[in-house]
Structures are given as C-alpha cells and as structure tokens.
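Trainee: My questions all concern the structure below.
The values are calculated or read from the model by the stated rules, or taken from the named source; none is laboratory data. Everything numeric here is computed off the predicted structure, so don't read it as measured data. Heads up, the Cβs are rebuilt from the backbone with ideal geometry, glycines too, and the neighbour counts pull from every protein chain shown. These area figures cover heavy atoms from the full protein model, side chains too; ligands, DNA and RNA do not enter into them. Shrake-Rupley method; radii C 1.70, N 1.55, O 1.52, S 1.80 Å.
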Amino acid sequence: MSLRTGRAMFLPIGLLCLGSTCRASAQAALGRFLAPSNESLAPKTFAHKECSANPGCAGLGGDCCPAGTGMALACCWDAQTHPAALPDSRALAMVPSCDHLNVGFPNCGDAVKCEGEYSESGSTRTLKATSDHCAYVTFKTGLSLDQVLQLDADTFITPGTCSRQDNLAFWFFQTIGTGIAEEEPSSHWDALSEVDLFETYIGPGGVNSINTNFAATGLHMQWKNFTIVGGMRQHITMWQDVENLAGCPVTQSTARIGTTTVEYERPLPVVSIYVTHCAPGAPCCTGDDCKTLQSDPNTAQACITVKEAPLLFALSNWGAGHRVTPGCEIGAADVTVVQIGDEHVSTSMLSVSATTTVSVPNTSSGVVQIGDE
C-alpha cells in the first residue's frame, strides 16, 4: 500500500467539491480507496473483513472488506503481490497430539489442558481456551530442521477474543518423545534450538504485541500495526539461509537449558534461519526474493542448533501469569514445507508417517538423516 496509516481511511467524496466533473477527478485521485465500478467485480462477499486478511489491504488496520460503513475499499480487489504457493511444497499432516512431557507440563504444570481445547477443519488447526487454564496442542513431524529449506503457514488470532497480556504462540522446537533434556541434550529442547514463528506479549513489543522470537538467540521482531486484542490473520514464511550470509557458527557445543549450560557429546550443526510475515494466502517470498528480505528491517533472524530429533510444532496459550482468557482463539492453517534433498538442490518432500524414525547422525557431514526403517 502506498499509504500506511495503520487505519482504514475514508474521504467524503461528495464534500470535496460540487459537480460531476470535480467528483470524477476526486474519485480518480482516490481510486486506491474506492471500490471499483466494474460490474464484474461487484457485488462481492469477502471471506474476511479484516484489512490484514486481504493482501491488497495488508498495510491497514481495522476492517476493510467491508469497512464499518458497509463499503469495501478498492484494495480488497487487489491481486496478491506475493508469489503463489511453491510447486515443490508439501503439506504437513499436522495431526493433533498432547505432548504433556515436553510442552504442557514444563510450561504450565499439571493444570494445563490439551484435550478439548483444539479443533480441526480441513487444513486449519484452532486452539480455543475453554477455561482460564493454560491450553495447548502439539503436532509431531518426521522432519529434521536442517532438511527444511522453507516453511509456510497461514496463522491467526481471532479479534477480540484474547487479552493484552496473554502469551500466545505458534512455535516449534526439536525433541524425541521420551527422556530428560539435561541428560540427553542432543535430542531435546534447549533455548538455542527454539523458533517462535509468532509469540505475543513476550518479545520486543511487550504488552499487547505480536512478535517473532527465538528463545535465547537471534534478532527478534515486533509485528508492526498488529495487536493481541485486535487480532491478526497473516502468512508466515521461514527459510534457511543455505549460503549462511548471516555468518552463523558451523556447530554448537553446548545447550542452554534454563540457567544451566550442558555440553553435547559432540558438536551439533547450526543453520541460519529467517522469518517474515505478510498477507495470508501464499508465501511471502521464494528463491532470491527471500534473500532480498534477509536485509529487511521487519525480518527476524537467528542461528539455530539442529538437534538429533524431529521438529515438534505447538499452538499454545499460557495466558497472563498462567491465567487464560476463556474463548481466546488462535490457529494455523495450510502448513507446508520445502525440503532440502540429499544433493542440496532437490525439493522433494519427506513422507511423514507413524513409522518415520530419526537415525544416528553422520558426524562427518553433520547432517541428521530421517528415513523409514
């Protein structure tokens, strides 16, 4: 958008001047903010009224399609300015699970709730708190982080359902299902291996903010013009900087678990990760366009340790001081990945199944291989 006021704008055309000629000139000058007159485009019902949910209006706040006046802005008809879905991407199954050991209990204790807090509709996974207890749902994968070239997802916080200090997130880390992190740090969570694709309240924006964070490393970014209470509907694109232009270390020798530093048995590989967000419906970038965004001031970046374990995704609501706003609703949809192949050029995807296992890494190459045994 050429005008980024953070609020939908309306000008009373009839008050600018009198006469059809003057009105026509005003309409031409303000055409960006007026619904098109082409009868083939109107009337139209839009899936979402929020400006942020429509690609052409993504820079505005509030409602656009239609706005509060009942009229839709011209930006509602704008074509998407970011690429279509990647042809080599594959959808993740995102089968809901309740990983109490690795997610629920460590963050909120025994009172945390999972069953009954989430729902599925097509490719959409929604977490909606039914009480004031912490709520979460997890999604297992068979993917190793160093295999992921690009990850995409549509995400949302339903407007008006959550509170200013709620800690909400769509995030992932890397872990196996059993064991103790301090005793087996190579295959469990630590703060240098977590990516918070979006997280609220915690982060550079503070109260009522939405951010992209990393637990203990990297360059965190606040999402400008978005709030927890106002909600959002945005696409998130994460990609691996395979050229390592950020200058990340090749390996990491220690894990950071709380206030404790634990040595790995052998150094683990590190990858350079970037994350950005844009209007929903398609990737924010592909290929060289992503490289261009690496220098964008709104793009988050971090050097993330690759564990000897698969990615585990989570939607979580830890509330404010572990007191959740009942009815607070967040979600993710159309989660896809493009995988780096064995030759580092292939984008064919790994088939994730119940039999997928993680093998012992090849320490000479530093690559964790995933395969069906």
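Trainee: With θ taken as phi - 60° and the coefficients 6.51, -1.76 and 1.60, list the Karplus ³J(HN,Hα) couplings across the stretch 311-324 in order, rounded to whole Hz; mark glycine and proline as x.
Mentor: Karplus-based 3J(HN,Hα) across the stretch 311-324 equals 5, 10, 8, 8, 9, 9, 9, 8, x, 10, x, 6, 10, 8 Hz.
Trainee: At 7 Å along Cα-to-Cβ for each site, give me the label-to-label distance between VAL95 and THR254 in nm.
Mentor: In this crude spin-label approximation the distance works out to 3.9 nm.
Trainee: Turning to a different aspect of this structure: Please list 3J(HN,Hα) in residue order for the stretch 153-164, calculated via the Karplus relation 6.51 cos²θ - 1.76 cosθ + 1.60 where θ = phi - 60°; whole Hz, with x for glycine and proline.
Mentor: Per-residue couplings from phi come out as 7, 8, 10, 7, 10, 5, x, x, 9, 10, 9, 4 Hz.
Trainee: Separate question: So what is the relative contact order of the stretch 237-285, in percent, for Cα pairs below 8 Å that sit 6 or more residues apart?
Mentor: Here the relative contact order equals 47 percent.
Trainee: On to the next question. Rolling a 1.4 Å sphere over the protein heavy atoms, what is the accessible area per residue of the stretch 152-280, to the nearest Å²?
Mentor: Per-residue accessible area for the stretch 152-280 comes out at 38 Å².
Trainee: Accessible area, 1.4 Å probe, largest first: how do THR251, THR237 sort?
Mentor: THR251, THR237
Trainee: Convert each backbone phi in the stretch 127-143 into a coupling constant with the Karplus relation 6.51 cos²θ - 1.76 cosθ + 1.60 (shift: θ = phi - 60°), then list the ³J(HN,Hα) values in order as whole Hz, x for Gly and Pro.
Mentor: 10, 10, 5, 9, 8, 9, 8, 4, 10, 7, 8, 10, 9, 7, 9, x, 9
Trainee: While we're on this one: With r defined as the distance between the Cβ atoms of THR178 and ASP289 and R0 fixed at 51 Å, what FRET efficiency is calculated, to the nearest 0.05?
Mentor: Taking R0 as 51 Å, the efficiency between THR178 and ASP289 is 0.80.
Trainee: Amide H of ASN167: which non-local residues (sequence gap of 5 or more, or other chain) have their own amide H closer than 5 Å, using H built in the peptide plane?
Mentor: Under 5 Å from the amide H of ASN167 lie the amide H atoms of TRP318, GLY319, ALA320, each far enough along the sequence or on another chain.
Trainee: Here is a follow-up. Quick one: which of LYS128/LYS291; LYS113/LYS224; LYS49/LYS113; LYS113/LYS307; LYS140/LYS224; LYS113/LYS291 span more than 29 angstrom between C-alpha atoms?
Mentor: In this structure, LYS128/LYS291; LYS113/LYS224; LYS49/LYS113; LYS140/LYS224; LYS113/LYS291 exceed 29 Å between Cα atoms.
Trainee: Long-range amide H contacts for GLY231: which residues qualify at under 5 Å (H placed 1.01 Å from N, peptide plane, sequence gap of 5 or more or a different chain)?
Mentor: GLY160
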